[in-house]
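This report concerns only the one structure given below.
The values are calculated or read from the model by the stated rules, or taken from the named source; none is laboratory data. Note that the structure is a prediction, hence the values are computed from the model and not measured. All Cβ positions, glycine included, derive from the backbone under ideal geometry; neighbour counts span all protein chains shown.
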Amino acid sequence: DQVAATTNDVLEWRDEALMLNLASFGPEEHRLLIQAGIEGLRDILAMDLDTFSQRIERAARELRVEPPDSLRVAGWWEQARTLEDE
């Protein structure tokens, strides 16, 4: 009430916070996913692994950084599914 946040605002913040629980995930990885248009867990869950991987690769090129290896990306994608019920 004090910050005039709506229920939807709180759900979006929760969704982003859940994404930050992914293993080997810090500020640089968060920046990479934001560049890829992935703002929260729901965005990851809405994609298949190939699409998720392609978006990460494209974002890394745009940011001119080394993309995470495929095992790490697949791990994030799989972990997102385990966090889905939280």
Among Arg14, Arg58, Arg72, Arg81, which is the only one that is at pLDDT 95 or above and either under 10 Å from the mean Cα position of the chain (by Cα) or surrounded by fewer than 18 Cβ atoms within 10 Å (Cβ to Cβ) (or both)? Arg58
Scanning region 40-59 residue by residue, the ones that are under 18 Å from Glu28 (Cα atoms) and in contact with a helix residue (DSSP H, G or I) (Cβ under 6 Å, 6 or more places away or on another chain) total 7
